[in-house]
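Below is one structure, written out as structure tokens, with a few remarks after it.
The values are calculated or read from the model by the stated rules, or taken from the named source; none is laboratory data. These numbers come from a predicted model, not from an experiment. Here the Cβ positions follow ideal geometry from the backbone for every residue, glycine too, while neighbour counts run over all protein chains shown.
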Amino acid sequence: MVGVLALQGDFSAHRQALAERGLVSCEVRKPQHLEGLTGLVLPGGESTTMLKLLDAFGLQQPLVEAITAGLPVLATCAGIILLAEEVRHPSQPSLGLLRVAVERNAYGRQLASTVAQLQVTDELPTPSLEGVFIRAPRVVRVGEGVKVLATRGEDPVLVRQGAILAATFHPELSPASPVVALFADMVRRKS
Amino acid sequence: MNFTSPEFRVKVGLAEMLKGGVIMDVTDAAQARIAEDAGAVAVMALERVPADIRAEGGVARMASIEKIEEIMQAVSIPVMAKCRIGHVAEARILEALQVDFVDESEVLTPADEENHIWKHDFRVPFVCGCRNLGEALRRIAEGAAMIRTKGEAGSGNIVEAVRHLRAVQRELRRLTTLAPEELVAASKELQAPLELVQWVATHGKLPVPNFAAGGVATPADAALCMMLGAESVFVGSGIFKSEDPARRAAAIVKAVAQWQDPEALLEASRHLGGGMRGLDVSRLTPEEMLSRRGW
């Protein structure tokens, strides 16, 4: 069972994408919903809202513990902002579990949102990959042990650190995304 | 209708990100910061909240540019702004200003009493109000990337939003039971394009996110909208016309996130202070009903 953090954001789109890869999912709104999960999705949405609700509902610490224990994680857009060890523009607190620095809304406002073709590295076995970027953040620093799986121009947009797979775009909004397929593999191998 | 073009996917994409959240009406930077601190997913920049528009009368237009800019600079969450129904020029100005979403809204005085804006021509996404499925589908045909109920803005009374949510859901359910040839008659009856009627009949939902608005004044009102199938909630006058806006705003955010949990709703409903006074909608004349605007 894969849990999808459902405090706010495009959690329904994620559940749909997981179902298409044969993964059963549930919504995570409280600490007890984290029990017995084989994977976790941190969806897109507004990171400021999610941070407040994680705190209000006592989810922050249980989430950190579950991820630190090695639960496979897919984080997209607001999700990578929640996980990053440093958040800029403006600076805000985060879970600090992914060794990257991200800049929020780095490409501009909604008019800069776009569907872009990405460049993939050998780490991701797919010939082509599109990325749906919505008021997207930018990874401005990649730390030790973090592999870059795809880039948009110079910018890393898909990274992996152990069991954490994180994107600045929304694979859940692309049909049959190889990124969701890779996450499904990670979940199956682990469980 | 091409729901798979990159332009449309990016517009609907932002609406997807706002799901499960609360979008709050604000009239200046200070209110915008209160909204963001309370956990709003977006703010709607406007000159006067609907309750004041209703009380003061006069022509309600797009907010002043300086006001919208002040709000855009104050917060990091998306900023929406309203244009008048059919006012293509106001919409172009808001797009040039780079607001994140335009609300072609019945709360402002309509500029065109026959036509809405052809929203496909814009890069900025639009949200439009509806009272029923036919109206929703006409707006989607024109290019709206998000639909909200009209409710009765500035009334502090949820009854109209409930009416509109129920109407949309009932008509959606009905379409899923019809035979192909009956969908042609349904299209005629709904005054909506057959192609969209067929899409809805197959999928059992709208092709764009479906939010609630108009008359939300309490955490319970917001939760009720979610229970009736809304995917997010707009709150207008209900927050800044109450005694303790910051507290009420945060409580409404929590209620929307935990709408399925009565214990959480109970907690969110404690110690709110006084709510906005509100209106008995049944005593309004048809001319006073903002939800009658739009076609």
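Here are the numbers for this structure:
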| item | result |
| --- | --- |
| Counted residues, the range B:217-254 - those being β-branched (V, I, T) and out of contact with any Leu (no Cβ under 9 Å at 6 or more places or on another chain) | 4 |
| The range B:158-178, residues that are touching a residue at least 24 places away in the same chain (Cβ under 8 Å) and not in a helix (DSSP H, G or I) | B:I158, B:T176 |
| Breaking point among (1) within 14 Å of chain B (Cβ to nearest Cβ); (2) farther than 25 Å from A:D185 by Cβ, for A:E85 | (1) |
| When residues of the range A:7-20 are limited to those that are buried (at least 24 other Cβ atoms within 10 Å of the Cβ) and within 11 Å of another protein chain (Cβ to nearest Cβ), the one farthest from A:M50 (Cα to Cα) | A:H14 |
| Which listed residue, of A:S91, A:S25, is within 13 Å of another protein chain (Cβ to nearest Cβ) and small (G, A, S) | A:S91 |
| Considering residues of the range B:117-134 that are surrounded by fewer than 24 Cβ atoms within 10 Å (Cβ to Cβ) and assigned to a helix (DSSP H, G or I) only, the residue farthest from the other protein chains (Cβ to nearest Cβ) | B:G134 |
| Filter pass, B:V233 being β-branched (V, I, T) and under 30 Å from B:V12 (Cα atoms) | yes |
| Failed condition for A:G143, given (1) surrounded by fewer than 15 Cβ atoms within 10 Å (Cβ to Cβ); (2) on the phi > 0 side of the Ramachandran plot | (2) |
| Spans of strands (runs of 3 or more DSSP E) in the range A:99-191 with at least 3 residues within 26 Å of A:E20 (Cβ to Cβ) | A:114-120, A:129-133, A:147-152, A:155-161, A:164-167 |
| Verdict on A:T76 being crowded, with 21+ Cβ neighbours inside 10 Å and either of a type in the set (V, I, T) or in contact with a Cys (Cβ under 9 Å, 6 or more places away or on another chain) (or both) | yes |
| The one condition in (1) more than 18 Å from the chain's Cα centre (by Cα); (2) within 14 Å of another protein chain (Cβ to nearest Cβ) that A:S113 fails to fulfil | (1) |
| Verdict on A:K30 being over 30 Å from B:D100 (Cα atoms) and within 14 Å of chain B (Cβ to nearest Cβ) | yes |
| Any hit, the range B:22-29, residues being surrounded by fewer than 22 Cβ atoms within 10 Å (Cβ to Cβ) and either within 11 Å of another protein chain (Cβ to nearest Cβ) or not charged (D, E, K, R) (or both) | yes |
| Where a residue in the range A:39-55 is more than 10 Å from chain B (Cβ to nearest Cβ) and its partner, wherever it lies, is surrounded by 24 or more Cβ atoms within 10 Å (Cβ to Cβ) and polar (S, T, N, Q), with Cβ under 8 Å and at least six apart | A:V41/A:T76; A:L42/A:T76 |
| Selected residue (only one of B:A51, B:A42, B:A74 is away from chain A (no Cβ under 12 Å), buried (at least 19 other Cβ atoms within 10 Å of the Cβ) and small (G, A, S)) | B:A51 |
| Exclusive hit being in a helix (DSSP H, G or I), within 13 Å of chain A (Cβ to nearest Cβ) and over 21 Å from B:L14 (Cβ atoms), set B:E267, B:E181 | B:E267 |
| Residue in the range B:166-184 that is modelled with pLDDT of 95 or more and under 13 Å from the mean Cα position of the chain (by Cα) present | no |
| Qualifying residues in the range B:77-100 (those that are more than 14 Å from chain A (Cβ to nearest Cβ) and of a type in the set (G, A, S)) - the one surrounded by the most Cβ atoms within 10 Å (Cβ to Cβ) | B:G86 |
| Counted residues, the range B:168-212 - those being aliphatic (A, V, I, L, M), in contact with a Pro (Cβ under 8 Å, 6 or more places away or on another chain) and more than 20 Å from B:S232 (Cβ to Cβ) | 1 |
| Exclusive hit being without any contact (Cβ under 8 Å) to a residue 60 or more places away in the chain and of a type in the set (D, E), set A:E103, A:E172 | A:E103 |
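The rows are residues; the columns are (1) of a type in the set (S, T, Y); (2) over 26 Å from A:Q8 (Cα atoms); (3) over 17 Å from the mean Cα position of the chain (by Cα).
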| position | (1), (2), (3) |
| --- | --- |
| B:K11 | no, no, no |
| B:A15 | no, no, no |
| B:K19 | no, no, no |
| B:I23 | no, no, no |
| B:A30 | no, no, yes |
| B:I34 | no, no, yes |
| B:D37 | no, no, yes |
| B:D52 | no, yes, yes |
| B:I68 | no, no, yes |
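Condition check ((1) among the aromatic types (F, W, Y); (2) surrounded by 20 or more Cβ atoms within 10 Å (Cβ to Cβ); (3) part of a loop (DSSP other than H, G, I, E, B); (4) more than 14 Å from every other protein chain (Cβ to nearest Cβ)) across all residues:
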{"site": "B:V102", "(1), (2), (3), (4)": "no, yes, no, no"}
{"site": "B:L108", "(1), (2), (3), (4)": "no, yes, yes, yes"}
{"site": "B:D112", "(1), (2), (3), (4)": "no, no, yes, yes"}
{"site": "B:R138", "(1), (2), (3), (4)": "no, yes, no, yes"}
{"site": "B:G156", "(1), (2), (3), (4)": "no, yes, yes, yes"}
